[in-house]
1. Here's a check for you: in segment 1-22, which residue that is closer than 15 Å to GLU53 by Cα and over 17 Å from the mean Cα position of the chain (by Cα) is modelled with the highest pLDDT?
2. How many residues are under 22 Å from LYS13 (Cβ atoms), open to solvent by less than 40 Å² (accessible area, probe 1.4 Å) and in contact (Cβ under 8 Å) with a residue 12 or more places away in the chain if we restrict to segment 61-96?
3. Within segment 19-38, track down each residue that is within 17 Å of LEU86 (Cα to Cα), touching a helix residue (DSSP H, G or I) at 6+ places or on another chain (Cβ under 7 Å) and without any contact (Cβ under 8 Å) to a residue 24 or more places away in the chain.
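The values are calculated or read from the model by the stated rules, or taken from the named source; none is laboratory data. Worth saying up front: this structure is predicted, and the values here are computed from it rather than measured. Every residue, glycine as well, gets a Cβ built from its backbone with ideal geometry; the counts of neighbours run over all protein chains shown. With ligands, DNA and RNA removed, areas are computed over all heavy atoms of the protein, side chains included. Shrake-Rupley method; radii C 1.70, N 1.55, O 1.52, S 1.80 Å.
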Amino acid sequence: MAAVEFPMHKKAKTALNITGGLLIILCVTVPFALWVFYRVSKAKVTVTPEGLEAAGLTTDTVRFDDVARFGILRIPMVARGIGGVLANMKLDNMGEGVNFVFRLKNGKDVKFVVNQYERHQELIELVTKSLPVPREDIKMGLLSWKWPEKA
């Protein structure tokens, strides 16, 4: 399998660029706003046979052979006002954040929002097929996500 790229979708880019624009209003945050604009222009998920790299505001890298557990975490969006509108745009107007959560063999968890990228359903299926572990549905706990009990 060759590398497959999933760029950030237009609504997510627009929402983050509006956020960057709002940051420019405050003179102190101009450097951070410029950093947001730059990161949004480079945002994408690249899937290779060995793993994936998700570049958004941060960059997360996962090697498939280093994954102990893999799950999908759905977090409902409860924000209102302009923040809620921007967040919902970023989430492809789905009203929830669909997240990949990887538990690595060293015990570290890696998480990122999937539905801010184009063709996120195809991305979910591609990663699910590429991993040697089954996909799990993860629930939100009080302060963080909770992995299901293993059988």
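1. Per the stated criteria, the residue is ALA3.
2. Number satisfying all stated conditions: 4.
3. GLY20, LEU23, ILE24, ALA33, VAL36, PHE37 - these are the residues of segment 19-38 that are within 17 Å of LEU86 (Cα to Cα), touching a helix residue (DSSP H, G or I) at 6+ places or on another chain (Cβ under 7 Å) and without any contact (Cβ under 8 Å) to a residue 24 or more places away in the chain.
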